[in-house]
1. For residue A:101, work out the one condition from (1) in contact with a strand residue (DSSP E or B) (Cβ under 7 Å, 6 or more places away or on another chain); (2) under 28 Å from residue B:52 (Cβ atoms); (3) not aromatic (Phe, Trp, Tyr) it doesn't fulfil.
2. Please work out which one of (1) touching a strand residue (DSSP E or B) at 6+ places or on another chain (Cβ under 7 Å); (2) within 14 Å of chain B (Cβ to nearest Cβ); (3) in contact (Cβ under 8 Å) with a residue 40 or more places away in the chain is the condition residue A:174 fails and give its number.
3. From B:71, B:126, grab the single residue that is facing chain A (nearest Cβ under 7 Å), part of a loop (DSSP other than H, G, I, E, B) and surrounded by 22 or more Cβ atoms within 10 Å (Cβ to Cβ).
4. For the stretch A:87-126, what are the residues that are over 20 Å from residue A:72 (Cα atoms), touching a helix residue (DSSP H, G or I) at 6+ places or on another chain (Cβ under 9 Å) and either of a type in the set (Val, Ile, Thr) or at the interface with chain B (Cβ under 7 Å from one of its Cβ atoms) (or both)?
5. Only one residue in B:189, B:136, B:103, B:116 is closer than 25 Å to residue B:66 by Cβ, facing chain A (nearest Cβ under 8 Å) and of a type in the set (S, T, N, Q), so which one is that?
6. Going through the stretch B:130-167 one residue at a time, which ones are within 16 Å of the chain's Cα centre (by Cα), not in a helix (DSSP H, G or I) and not acidic (Asp, Glu)?
7. For the stretch A:103-119, check the following and say yes or no: at least one residue is among the acidic types (Asp, Glu), surrounded by fewer than 17 Cβ atoms within 10 Å (Cβ to Cβ) and either part of a loop (DSSP other than H, G, I, E, B) or more than 14 Å from the chain's Cα centre (by Cα) (or both).
8. So, in the stretch A:69-78, exactly how many residues are buried (at least 18 other Cβ atoms within 10 Å of the Cβ) and within 14 Å of chain B (Cβ to nearest Cβ)?
Amino acid sequence: MTTDLPSAPGRLRLPAYQRPAGVHPPLDSPAYASSALRAPRRPLVPLAQGLTEITGPLLGAERVTAADADLTTRHGGEPLGERIILAGQVRDSGGRPVPDTLIEIWQANAAGRYAHGVDDHDAPLDPNFDGAGRCRTDADGRYRFITVKPGAYPWQNHHNAWRPAHVHFSLFGRAFTQRLITQMYFPGDPLFGQDPIFNSVPGPAARERMIARFDLGTTQPGWALGYQWDIVLRGREATPFEPGEERR
Amino acid sequence: MSPHPLPHGLTPSQTVGPFLAIGLPWPDGPFVVPDGTPGAVSISGRVLDGAGEPVPDALVETWQAAPDGTFAHPDDPRGPGPAGFRGFGRCPTGGDGGYRIITLRPGPVPAPGGGTEAPHLDVSVFARGLLDRVVTRIYFPDEEAANGADPVLAAIPGDRRATLIAAADPAAGEGAFRFDIRLQGGRETVFFDV
């Protein structure tokens, strides 16, 4: 099994991915009650990025059909709610588009209810909406979903707690280090101030990057409002490759 | 502030919440290779919280080399590995916090600083209550020599190293391993900053 491993010491030149110091929420965020028994208490151990970390699953082509990006047409009729278009570009922190990468989304319906047995919010299910979608970015890293705007909903974190309307996004990028699951929010939501999940992200600038932008250019006249949301994954450090050797 | 100012600010992580099962599980997710593939092994275990209770709404993902130690990816400088080996597994936990992955054993992998990393799988765990994924590794118990020379394991204090090594599970059959993930507590699993 160990044939021909070219493991001459120090000879392996690999790209390195920037470490996102201070961007992601601390795992230990006491205002978010569910973290109390689940967030690790010990410090994370630094791991040098090796081959397992700078590679990752290149999924998508075989897993996605064009219809998967339209959450409004998969059942017998149109879902209730405000029809919207969610579109944007996936780039890395060096500004390079991330093409051909799988994006998976899930969300509540327009009434703020998830099509999931554990959701006991007293709001109606919609037989025409399951809330799941997927697509693959194009050659320029762009994606586009058609869905309905999710409703806000109450939860048990603290007295009178409500989640701002959001859509869950899952992305792979091209390396294990780039894997990201996050939530996209809508501009001007009055519930931001009391939400411990949104506010777990340190700093207003980083929180702002989770909020989509209403865009009249994406809006289709007489049919659906449009939002733009760009997603930025960890990019590569500039050093490891020789000139002319850099690959996308 | 980041030590490396970024031209484009990163999108922050958020929790998957309690309803990830709407969007993330795939019917073939746990099967890195189809069940019954010659040489296939199973890795199963439970995700447990700080009270020792099962976490029934987590997602476990694995990424690994092929049996020859290569990766089906263009950034493997030795050339792309065998086509057709997905290398990726994904399994939501059940009511008992359990997950199961069916795969082939990975080969050893050259380490970035020289030397060789013992056969391992990288693991991401997502769950309600986790605002970012947590990352760990699964090593194999019958690779004592390779584990002893592994630079990642060598950097872990001895009393915690065992949390990264699966246990053979002969009661579950040949090629069956157990790997429990303890998010918190006295035997908290080692989690990495990658």
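None of the figures in this text is laboratory data; all of them are computed from the coordinates on show. The structure displayed is predicted, hence computed values, not measured ones. Here the Cβ positions follow ideal geometry from the backbone for every residue, glycine too, while neighbour counts run over all protein chains shown.
1. Every condition holds for residue A:101 apart from (2).
2. (1) is the only condition that residue A:174 fails.
3. Sole residue among the options that is facing chain A (nearest Cβ under 7 Å), part of a loop (DSSP other than H, G, I, E, B) and surrounded by 22 or more Cβ atoms within 10 Å (Cβ to Cβ): B:71.
4. Those that are over 20 Å from residue A:72 (Cα atoms), touching a helix residue (DSSP H, G or I) at 6+ places or on another chain (Cβ under 9 Å) and either of a type in the set (Val, Ile, Thr) or at the interface with chain B (Cβ under 7 Å from one of its Cβ atoms) (or both): A:98, A:101, A:118.
5. On the way: B:189 fails: closer than 25 Å to residue B:66 by Cβ; B:136 fails: facing chain A (nearest Cβ under 8 Å); B:103 fails: facing chain A (nearest Cβ under 8 Å).
Unique residue meeting the criteria: B:116.
6. B:133, B:134, B:135, B:136, B:137, B:138, B:139, B:140, B:141, B:165, B:166, B:167
7. Looking only at the stretch A:103-119, we keep the residues that are among the acidic types (Asp, Glu), and these are A:104, A:119.
Filter once more, keeping what is surrounded by fewer than 17 Cβ atoms within 10 Å (Cβ to Cβ): none.
No: the stretch A:103-119 contains no residue that is among the acidic types (Asp, Glu), surrounded by fewer than 17 Cβ atoms within 10 Å (Cβ to Cβ) and either part of a loop (DSSP other than H, G, I, E, B) or more than 14 Å from the chain's Cα centre (by Cα) (or both).
8. In the first step, residues of the stretch A:69-78 are kept if they are buried (at least 18 other Cβ atoms within 10 Å of the Cβ); the result is A:69, A:71-72.
Still in the running and within 14 Å of chain B (Cβ to nearest Cβ): A:69, A:71.
Qualifying residue count, the stretch A:69-78: 2.
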